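Derivation of every value follows stated rules applied to the coordinates shown; laboratory data play no part. This is a predicted model, so every value here is computed, not measured. As a convention, Cβ positions derive from the backbone with ideal geometry for all residues, glycine included, and neighbour counts pool all protein chains shown.
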């Protein structure tokens, strides 16, 4: 009787049933360890295409839910949350957690988590070593299991369909994929250190610096990243605007005054007065104030800037990689120009316009600075250096007296291997008076830009 039983088929079937049950159990419990660190915190989720969603994260094995702080009225119904499925993780650009927005309880929880991760005890180190060992061995185990089951099913092949055979080949991946397969010996040595990541943002590769806390098969987690978040300041009907009690913007008596009380520099992109738009392209260092004459005349005034916000972030490994160890924090990396992956026609047209303008107005310092920046973005560092040096010679004509130009020059010099361009000291707060008049009138031709030392606030 026993000779009539195909034991290889019975054993194969038993393995299939066991691994299916084990895989189902692990799927029901598995949560990405990077996302798990943000569970219960208020986060901001940025999807590809710059779509922003925020709320309190509730993590589940199949995705996460963002609980709104206030109900949102949509067409015909009231929304209280947003559900983000695991299959949609490929559309994620980044997940941000602002340290300043945390309650004292969550701040304490974050501090404990950071301390355990960056200064692990003996038990935690042993557990991580075990996990890394399982991750390293997982692929070998999966291959061995697949080969073994392949040999065992030879006699019972007639009883197994192609679908079942395919299922059996993938069943080991279903199990071992949740054990690990996310160990990277190259990344492991950088956990707990400050690193520089390269991140693709709208087709441009930018660098960001932060403390590398954790990684998984899908994500990288970094702490204390100074990230340039876009900020649109509408001053229509307002004379004063504050951003996180660190940046004060005052519109009064024909002047726009921006004072930076933060510890990091800020980037002022442009200002719109009515339908007129003026590029500022100015870096405002910590403790300094920038003054721009504005001929508003009752028109709407909007300032576009990027604010250096300290935050924790999770980024997909598909769109970011760790490139350097960073021994120190580099403020130049906050507002870097980036390097375009694909040369766009719009950028080429803008370069041509600036080149044409400089043929007829070679003293246009703003055009030279902008041209140098665009050439940096497309990787033409030699030509970029030429125009940035031209702009530096007449830096007094720029709203920030050449802070942005000097920053770009330093990055160009590093790119082409030339000598470093020294930064200027900023021990005291300074006032930078812009030369251009925004919203009306012609550009001033005389030197009106000046610097005055003032008492730090």
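Observations on the model:
- Theoretical FRET efficiency, 1/(1+(r/R0)^6), r = Cβ-Cβ of residue 193 and residue 51, R0 41 Å, to 0.05: 0.80
- Net length available on complete extension from residue 224 to residue 276 is 15.0 nm, with 0.36 nm assigned per residue and the Cα-Cα distance removed.
- Computed lengthening from residue 300 to residue 361, 0.36 nm per intervening residue step minus Cα-Cα distance: 18.9 nm
- Inter-label distance for residue 108 and residue 416, nm, one decimal - labels placed 7 Å from Cα along Cα-to-Cβ: 5.6
- Cα gyration tensor shape of the range 33-118, rounded if a/c is under 1.5, else prolate or oblate by comparing a/b with b/c: prolate
- Cα gyration tensor category, rounded, prolate or oblate, for the range 71-112 with a/c compared to 1.5: oblate
- Spatial offset of the range 258-290 relative to the range 221-236 amounts to 13 Å, using the alpha carbon center of each.
- Between residue 386 and residue 232, full extension at 0.36 nm per residue minus the direct alpha carbon distance yields a gain of 52.2 nm.
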